[in-house]
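Quick notes on the structure that follows.
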Amino acid sequence: MIALRSVLFNTIFYANLIIRMIVLSPYYFVVPRLTAYEIPKNWARSNHWLMRVIVGTTFEIEGLENLPDGSYILAPKHQSFWDTYALLPRLKDPVYILKRELMWIPLFGWYAKKQRMIPVDRGARGKVMVDVLKRTREELSTGRQLIIYPEGTRRPPGAEPVYKYGIARMYRDLGIPVVPVAMHPGLFWPRRSIRRYPGHFKVRILPPIMPGMDPDTFFAHLIEVTERASDELLLDTIERNPHLPLPPTAIARLTELRKMKAATA
């Protein structure tokens, strides 16, 4: 049944994306930008509904009160395609820094350009990165929220964290709060897999890290608070969902955490 539900979900998921983009394009490109943003936000809501109805996966969000007013950097764990869109409906006007190649995709790239997403060549240095920072400042000056995945790429649940120092530079240069987010959608929507698993998990939005720290101190603090919450949620998620097939990284980390818990009991 999981295989059948997974195929059904994936088919409807991508059809939902393509059909909405095509059918709603005339409206999307005519109305003001913020009005148009409701289309991808509603698409995200529809995906949550599809996950719940077809797969049987639900989630809850803790800590919404930790989201500041105005501009901030949202720094989520990155495990799955799910977390690239899941929080869109909860944010007023988010902006992403995207690989420039994504902007070349028909329809998707046009939608992203309308929302003033910021393209970047990942191998770029020097003036290009200065220009990206300038564009980012311009967008944030209007009160937008910047979404950055501190680990840069998707990591399996329980994997040893590999945070990129770029977020510390952004924190220093932009001078706005950073809001860490811990979650484990990768247990239900694994990377590099077509399978989707039923169950329930939490998304935990942590208190903002206010500007003013030394970048090195900030970087160490970001990793510490995010990984502590991530470990707590890993234990909680697996206890709530004992049926889940766990990747080796999650099994190894779970074993470590249980040993640590037993040693302090």
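The values are calculated or read from the model by the stated rules, or taken from the named source; none is laboratory data. Nothing here was measured: the structure is a model prediction, and the numbers come from that model. Every residue, glycine among them, receives a Cβ derived from its backbone with ideal geometry; neighbour counts consider all protein chains shown. Protein only, heavy atoms only, side chains kept; ligands, DNA and RNA dropped before computing areas. Shrake-Rupley method; radii C 1.70, N 1.55, O 1.52, S 1.80 Å.
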Check: Just a yes or no: is a residue in the range 136-158 aromatic (Phe, Trp, Tyr) and part of a helix (DSSP H, G or I)?
Finding: no
Notebook entry, point to check: Inside the range 161-194, can you point out the residues that are open to solvent by 10 Å² or more (accessible area, probe 1.4 Å), without any contact (Cβ under 8 Å) to a residue 60 or more places away in the chain and farther than 30 Å from residue 50 by Cβ?
Noted result: 162, 164, 165, 166, 169, 172, 173, 175
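Against the condition open to solvent by less than 30 Å² (accessible area, probe 1.4 Å) and at pLDDT below 95, how does residue 209 come out, does it pass?
Numbers: open to solvent by less than 30 Å² (accessible area, probe 1.4 Å): yes; at pLDDT below 95: no.
No.
Just to be sure, is residue 217 surrounded by 19 or more Cβ atoms within 10 Å (Cβ to Cβ), of a type in the set (Ser, Thr, Tyr), modelled with pLDDT of 95 or more and more than 29 Å from residue 10 (Cα to Cα)?
On the way: surrounded by 19 or more Cβ atoms within 10 Å (Cβ to Cβ): no; of a type in the set (Ser, Thr, Tyr): yes; modelled with pLDDT of 95 or more: yes; more than 29 Å from residue 10 (Cα to Cα): yes.
Considered against the rule, which asks whether it is surrounded by 19 or more Cβ atoms within 10 Å (Cβ to Cβ), of a type in the set (Ser, Thr, Tyr), modelled with pLDDT of 95 or more and more than 29 Å from residue 10 (Cα to Cα), residue 217 comes out as no.
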Check: If you go through the range 205-222, how many residues are within 25 Å of residue 83 (Cα to Cα) and part of a helix (DSSP H, G or I)?
Finding: 5
Check: In the range 238-250, is there at least one residue being closer than 30 Å to residue 55 by Cβ, open to solvent by 70 Å² or more (accessible area, probe 1.4 Å) and outside any helix (DSSP H, G or I)?
Finding: yes
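Which of the helices (runs of 4 or more DSSP H) contained wholly in the range 1-88 include at least 2 residues that are in contact (Cβ under 8 Å) with a residue 24 or more places away in the chain and open to solvent by less than 30 Å² (accessible area, probe 1.4 Å)? Even if it seems obvious, please write down each step before you answer.
Values: elements: 2-28, 33-36, 38-50, 82-85.
Of the helices (runs of 4 or more DSSP H) lying wholly inside the range 1-88, those with at least 2 residues that are in contact (Cβ under 8 Å) with a residue 24 or more places away in the chain and open to solvent by less than 30 Å² (accessible area, probe 1.4 Å) span 2-28, 38-50, 82-85.
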Note to self: Any residue at all in the range 108-121 that's hydrophobic (A, V, I, L, M, F, W, C), in contact (Cβ under 8 Å) with a residue 24 or more places away in the chain and surrounded by 14 or more Cβ atoms within 10 Å (Cβ to Cβ)?
What the structure shows: yes
